[in-house]
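The values are calculated or read from the model by the stated rules, or taken from the named source; none is laboratory data. Note that the structure is predicted; figures quoted are calculated from it, not measured. Here the Cβ positions follow ideal geometry from the backbone for every residue, glycine too, while neighbour counts run over all protein chains shown. To get the accessible areas, we keep the full protein, side chains included, count just its heavy atoms, and leave off ligands, DNA and RNA. Shrake-Rupley method; radii C 1.70, N 1.55, O 1.52, S 1.80 Å.
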Amino acid sequence: MAAKPSDEQDQPGPAETPHYHGHRTRLRERFHSAGPDALSDYELLELALFAALPRRDTKPLAKSLLRKFGSFAEVIHAPATRLREVDGIGDASINQLKLIAAAAHRVARGELKQRTALSSWNDVIDYCRTAMAFADKEQFRILFLDKRNQLIADEVQQTGTVDHTPVYPREVIKRALELSATAIILVHNHPSGDPTPSQADIQMTKAIVDIAAPLGISVHDHIIVGKNGHASLKGMRLI
């Protein structure tokens with residue numbers, strides 16, 4: 001029985017010059033000379049897949065991924081099980097995409113740690129969206145801050161289902177006390193894409209605020225992120 005083709009095995013005959021050879025060179029040159037903003041999402045994906053698929057034209061695969069998931073960010077954050085639904089995707093391609101997602105997360109976290117969180121609110125939002133907006137399950141994350149609003153720790157407290165994450169307010173405050181945090185920022189994601197807070201989100205946040213206040217711990221905000229944007233309960237005057 002013939003082996004099933006994989007992304008590592010698909011290659012031209014030895015005598016052929018791949019038709020995409022010149023295209024790869026031109027795309028790399030444009031990336032270096034004009035910068036990433038000069039490339040569309042599918043072209044960035046092409047570049048990202050070059051290392052994983054050295055002997056294949058990556059343009060059709062890049063376009064298939066975008067048709068399925070919608071954007072570059074949604075592609076690299078898509079679950080591996082869903083990526084495998086796309087014809088032509090194998091382990092090498094998935095590892096390459098997940099490496100890019102991990103790098104983006106690490107860079108955003110590093111930038112956040114170097115700044116005072118509340119003086120760079122856009123960095124907080126960008127970091128939260130990078131870390132969570134495209135996850136397929138709800139996560140509840142807490143940013144713990146010191147009295148200068150510097151980041152002490154960033155922890156995922158709970159991971160739930162597609163539409164629910166169990167959160168225990170006393171456990172949240174207990175962890176803040178363990179870290180000697182004087183302020184916290186609550187963050188969770190809505191895999192549906194719509195960041196609108198639910199009544200349960202509002203009630204849970206108020207419960208945490210009520211427990212935190214007598215202990216001198218400030219809840220700066222509860223941010224909800226989704227692929228369609230973000231919502232701030234503080235900004236909406238819900239806390």
For region 200-208, does any single residue satisfy the condition of being closer than 18 Å to ARG129 by Cβ, surrounded by 14 or more Cβ atoms within 10 Å (Cβ to Cβ) and either modelled with pLDDT of 90 or more or not charged (D, E, K, R) (or both)? yes
Given the residues PRO191, PRO197, which is the only one that is in contact with a helix residue (DSSP H, G or I) (Cβ under 9 Å, 6 or more places away or on another chain), part of a loop (DSSP other than H, G, I, E, B) and not hydrophobic (A, V, I, L, M, F, W, C)? PRO197
Out of region 155-188, which residues are modelled with pLDDT of 90 or more and charged (D, E, K, R)? GLU155, ARG170, GLU171, LYS174, ARG175, GLU178
Do we find that GLN158 is open to solvent by 10 Å² or more (accessible area, probe 1.4 Å) and in a strand (DSSP E or B) in this structure? yes
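One line per residue, one yes/no per condition, for (1) part of a helix (DSSP H, G or I); (2) modelled with pLDDT under 90:
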| site | (1), (2) |
| --- | --- |
| ALA3 | no, yes |
| SER6 | no, yes |
| ASP10 | no, yes |
| ALA15 | no, yes |
| HIS23 | yes, yes |
| ARG56 | no, yes |
| LEU65 | yes, no |
| ALA102 | yes, yes |
Being of a type in the set (Lys, Arg) and open to solvent by less than 50 Å² (accessible area, probe 1.4 Å) narrows it down to one residue among ARG30, ARG67, ARG24, ARG84; which is it? ARG24
